[in-house]
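Written below as structure tokens is the structure these notes are about.
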Amino acid sequence: MSTQTLIFEKQVKAAPHIVYEAFTNSTDLREWFCDFASVDPRAGGRIFLGWNSGFYAAGEYLEVTKNEKVVLTWYGRAEPVPTRVVVQLTQLDDGTHIRLEHQDVGTGPDWEATIEEIDKGWNSSFENLASVLDTGEDLRFTQRPMLGITVTDFNQEIASQMGVPVGEGVRIDSAIDGMGANAAGLQGGDVIVSMDGKPTTGFYSLSAVLTGRRAGDNVEVVFYRGAEQRTVQMELSGRPLPEIPPTTKDLAEFLTDRNNKIQQELDVFFTGVTDAEASFKPGPGEWSVKEVLAHLIHGERFWHRWMTELLARSESYQDDSPGNLQAPIDATVAAYPSLGDLREEYKRSGKETVALIAGFPADFLQHKASYWRIAYNVVEDPYHHRVHLDQMSAAIETARKGI
């Protein structure tokens with residue numbers, strides 16, 4: 001069988017050692033190329049890449065010359081036979097020239113679809129690589145539209161409690177005012193089971209549905225409100241991109257100010273709230289105020305773990321959102337049993353988040369995509385806080401009627 005070599009070239013604004021990591025580090029690979037990566041970058045070491053679309057590719061590193069050259073085998077899902085990828089890096093005055101050869105690609109009708117996907121995949125990925133190395137922005141995220149929802153746990157037990165006749169789906173926690181889901185009439189408690197004709201079985205299935213879509217596109221959404229199945233057309237919203245603070249010092253100062261405002265708001269909110277009221281559970285499966293505070297503490301702890309992984313260039317991957325397990329919530333409430341204890345731990349956890357950001361080593365900013373991801377999550381609108389503030393307000397109101 002005759003073969004051919006497909007050649008892709010790109011000049012990027014980054015030093016060779018940074019570009020080299022983009023092909024040999026799992027965190028860096030996820031930030032521009034794939035959704036999952038597991039690598040062992042040495043001759044004979046594995047490389048496994050996965051996408052939320054269901055595509056995957058596997059192989060092994062054949063040659064690894066630090067900051068200069070990477071050679072690996074490649075076998076993608078449904079591709080006719082394994083191929084080979086050769087990446088050559090050349091230092092320039094203002095960055096690096098990348099030359100990628102995808103070798104041993106076949107010819108003829110059996111290869112037409114594969115060649116089209118290889119061509120489209122490397123070209124779009126190289127465009128994204130140039131973006132993340134220059135500004136930190138992952139175009140797969142910044143150009144992807146938004147649904148305008150926050151999500152929460154959903155499983156068979158929750159479905160039974162809600163009267164929903166299916167055990168898989170994405171349960172909406174809240175629909176954000178002014179965005180597509182809210183405009184389409186979706187609301188908290190609705191369970192999305194299909195979007196654009198594709199099943200939504202969990203949190204990460206949403207990103208696969210939105211891949212290739214743009215703001216203004218319309219998609220069909222099938223969801224349950226209780227036992228009733230409904231269908232609506234939803235217009236996808238654009239993603240508002242906040243200004244990213246240029247330094248970790250600026251980012252830490254922004255977060256300090258944000259946290260101070262949140263804690264001042266909570267000081268007012270908790271005036272006159274008793275321990276008994278904060279312990280009151282509004283109903284089966286619903287959180288007390290103390291449990292909400294435990295959840296917020298866990299959110300800060302997640303930040304600490306996630307940012308530490310990015311600093312170590314070893315970010316964990318999860319197949320889906322782990323959800324809000326009750327056992328860790330109970331454990332935190334047991335360890336900090338009073339309302340005052342929980343509030344103080346929440347404050348301390350927030351201060352630790354700020355201190356971690358302020359203490360990022362200077363060379364971390366070379367990893368622009370990682371910094372951009374952290375900064376984006378810091379400066380975006382704090383709707384998560386507002387949702388849980390409303391939740392705590394409703395719990396206290398119910399407690400004062402029930403106690």
> Here are His388, His384: which of them is closer than 30 Å to Ser53 by Cα and in a helix (DSSP H, G or I)?
Replying inline: His384
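Could you please let me know if Leu365 is of a type in the set (A, V, I, L, M, F, W, C), without any contact (Cβ under 8 Å) to a residue 60 or more places away in the chain and closer than 29 Å to Cys34 by Cβ? Break it down into steps so the answer makes sense when it comes.
Working: of a type in the set (A, V, I, L, M, F, W, C): yes; without any contact (Cβ under 8 Å) to a residue 60 or more places away in the chain: no; closer than 29 Å to Cys34 by Cβ: yes.
Answer is no for this residue.
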> Here are some conditions: (1) under 26 Å from Asp35 (Cα atoms); (2) touching a Lys or Arg at 6+ places or on another chain (Cβ under 8 Å); (3) surrounded by 15 or more Cβ atoms within 10 Å (Cβ to Cβ); (4) β-branched (Val, Ile, Thr). Ile158 meets all but one. Which one does it not meet?
Replying inline: (1)
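Take the conditions more than 19 Å from Val387 (Cα to Cα) and either of a type in the set (S, T, N, Q) or surrounded by fewer than 15 Cβ atoms within 10 Å (Cβ to Cβ) (or both) and apply them to Leu241. Does it pass? Steps first, answer last, please.
Working: more than 19 Å from Val387 (Cα to Cα): yes; either of a type in the set (S, T, N, Q) or surrounded by fewer than 15 Cβ atoms within 10 Å (Cβ to Cβ) (or both): yes.
Considered against the rule, which asks whether it is more than 19 Å from Val387 (Cα to Cα) and either of a type in the set (S, T, N, Q) or surrounded by fewer than 15 Cβ atoms within 10 Å (Cβ to Cβ) (or both), Leu241 comes out as yes.
Hand me the list of strands (runs of 3 or more DSSP E) wholly inside the range 77-190 holding 2 or more residues that are among the small types (Gly, Ala, Ser). Working first, answer last.
Values: elements: 83-92, 95-106, 149-152, 170-175.
Qualifying strands (runs of 3 or more DSSP E): 95-106, 170-175.
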> Which of the residues belonging to the range 4-16 are closer than 15 Å to Ile118 by Cβ, in contact with an Asp or Glu (Cβ under 7 Å, 6 or more places away or on another chain) and surrounded by 13 or more Cβ atoms within 10 Å (Cβ to Cβ)?
Replying inline: Leu6
>> Return the residues of the range 26-43 that are surrounded by fewer than 19 Cβ atoms within 10 Å (Cβ to Cβ), farther than 19 Å from His102 by Cα and out of contact with any helix residue (DSSP H, G or I) (no Cβ under 8 Å at 6 or more places or on another chain); say none if nothing qualifies.
In response: Arg30, Asp40, Arg42
> List the pairs whose first member sits in the range 97-124 and is modelled with pLDDT of 95 or more, whose second member is surrounded by 15 or more Cβ atoms within 10 Å (Cβ to Cβ) and assigned to a helix (DSSP H, G or I), and whose Cβ atoms are under 6 Å apart, counting only residues at least 6 apart or on separate chains?
Replying inline: His102/Ile118
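So for the range 340-352 (the condition being on the phi > 0 side of the Ramachandran plot and in the same structural domain as Phe269 (by TED's automatic domain parsing)), does at least one residue qualify? Explain how you work it out, then say what you get.
Going residue by residue through the range 340-352, those that are on the phi > 0 side of the Ramachandran plot are none.
For the range 340-352, residues on the phi > 0 side of the Ramachandran plot and in the same structural domain as Phe269 (by TED's automatic domain parsing): absent.
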> Regarding Met195, is this residue touching a strand residue (DSSP E or B) at 6+ places or on another chain (Cβ under 6 Å), closer than 20 Å to Gly54 by Cβ, surrounded by 15 or more Cβ atoms within 10 Å (Cβ to Cβ) and not hydroxyl-bearing (Ser, Thr, Tyr)?
Replying inline: yes
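Can you report the number of residues in the range 44-55 which are buried (at least 21 other Cβ atoms within 10 Å of the Cβ) and either more than 29 Å from Leu365 (Cβ to Cβ) or in contact with a Pro (Cβ under 9 Å, 6 or more places away or on another chain) (or both)?
As a first pass, look at the range 44-55 and keep what is buried (at least 21 other Cβ atoms within 10 Å of the Cβ): 47, 49.
Now narrow it down to the ones that are either more than 29 Å from Leu365 (Cβ to Cβ) or in contact with a Pro (Cβ under 9 Å, 6 or more places away or on another chain) (or both): 47.
So the count comes out to 1.
Could you identify the single residue in Phe23, Phe48 that is closer than 21 Å to Tyr317 by Cα, within 30 Å of the chain's Cα centre (by Cα) and in a helix (DSSP H, G or I)?
Numbers: Phe48 fails: in a helix (DSSP H, G or I).
The conditions single out Phe23.
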> Do we have Val273 as in contact (Cβ under 8 Å) with a residue 60 or more places away in the chain and over 30 Å from Asn128 (Cβ atoms) here?
Replying inline: yes
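Residue-by-condition table, conditions (1) surrounded by fewer than 19 Cβ atoms within 10 Å (Cβ to Cβ); (2) touching a strand residue (DSSP E or B) at 6+ places or on another chain (Cβ under 6 Å); (3) free of Cβ contacts under 8 Å to residues at least 24 places away in the same chain; (4) not aliphatic (A, V, I, L, M):
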| position | (1), (2), (3), (4) |
| --- | --- |
| Gly136 | no, no, no, yes |
| Leu139 | yes, no, yes, no |
| Asp153 | yes, no, no, yes |
| Gly163 | yes, no, no, yes |
| Gly188 | yes, yes, yes, yes |
| Arg213 | yes, no, no, yes |
>> Among the listed residues Leu365, Leu356, identify the single one that is surrounded by 17 or more Cβ atoms within 10 Å (Cβ to Cβ), in a helix (DSSP H, G or I) and touching a helix residue (DSSP H, G or I) at 6+ places or on another chain (Cβ under 8 Å).
In response: Leu356
> Is it fair to say Leu100 is within 21 Å of Ser131 (Cα to Cα) and not hydroxyl-bearing (Ser, Thr, Tyr)?
Replying inline: yes
> From the list Gln318, Gln326, which one is more than 24 Å from Leu251 (Cα to Cα) and either modelled with pLDDT of 95 or more or more than 21 Å from the chain's Cα centre (by Cα) (or both)?
Replying inline: Gln326
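Residue by residue, here is whether (1) more than 25 Å from Arg42 (Cβ to Cβ); (2) surrounded by fewer than 15 Cβ atoms within 10 Å (Cβ to Cβ) holds:
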| position | (1), (2) |
| --- | --- |
| Ala57 | no, no |
| Leu72 | no, no |
| Thr83 | no, no |
| Leu89 | no, no |
| Leu92 | yes, yes |
| Ile115 | yes, no |
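The values are calculated or read from the model by the stated rules, or taken from the named source; none is laboratory data. Everything quoted here is computed from the prediction, not taken from an experiment. When we count neighbours, we look across all protein chains shown, and the Cβ atoms used for this are built from the backbone with ideal geometry, even at glycine.
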